[in-house]
Amino acid sequence: TSGERLAFLRQCGALHNFTSFYSKMLVQGVSAWSSIYETRSLHNVDYSLKGFHPTNAVDQTFTEDEIQNEYQSGLLFTNNRSESVEAFQEIVDLCRNYDVNVAVVVLPVSDNILWQLSDWDTFRNWAETFCKDNNCDFYDMNLLKNRNELFSIEYSFSDDIHLSAEGANACTRQLAEILKLREDGEDVSDLFFDNYVEAIDNLPYNLYLNR
């Protein structure tokens, strides 16, 4: 039943189980969520049978010419499909019906994507409004003030939009710390930039940009 699945999700996502649970979420993705939906344990899984392996890091660093030429060369696609928003709303409503607190987390993308695309704050404004309207916590890991220390373009990503195993572990640890602070009643807003303009201005690529 839906109630049993939510109870199982609570058990898997307990704070003391963050390292094992959320690193699987970040690396395995859909297959791990399918296991939870079907109330199958994530533990003692024979990954060789499922083709699981941590993704290797691939250095995504732009050359100096690319830094100049790629800066805001594209526009972020922010046209949220109504069916996707409705499905997301249904998930949030289901969680609320069973007294499950919802936290919406935006995982980090590489410096390259942040650098190339503009209009990130249109997405941020939509997400923050959605979360405020639905009483959800919202954490955008791209806006972390210590992002440059946590995620390196050389080691933290397997491509422009996916974390490597090292990046996933770093993201998991940071998210666990944030949620523990929130559980203790701490205000974590000072850990984040207010918007993407500030975050992108803090990227190392700015050292090489001729404005």
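Taking amide H as placed 1.01 Å from N in the peptide plane, VAL102 has its amide H under 5 Å from the amide H of ASP137, each at least 5 places away in sequence or on another chain. The rule of thumb for compact globular proteins, 2.2 N^0.38 Å, goes into the C-alpha radius of gyration of the range 59-211 1.11 times.
A simple spin-label model places pseudo-atoms 7 Å from Cα toward Cβ; at ASP187 and GLU86 they are separated by 4.0 nm. Among 112-118, 200-206, 99-105, 163-169, sorting by the average number of other beta carbon atoms lying within 10 angstrom of each residue, highest first, gives 163-169, 112-118, 200-206, 99-105. Among the protein heavy atoms, those of ILE91 account for about 100 Å² of accessible surface (1.4 Å probe, every chain in place).
The values are calculated or read from the model by the stated rules, or taken from the named source; none is laboratory data. Because the structure is predicted, anything quoted here is derived from the model rather than measured. Cβ coordinates were reconstructed from backbone atoms using ideal geometry, including for glycine residues, and neighbour counts include every protein chain displayed. Remember, those area values only see protein heavy atoms, side chains included, never the ligands or the DNA or RNA. Shrake-Rupley method; radii C 1.70, N 1.55, O 1.52, S 1.80 Å.
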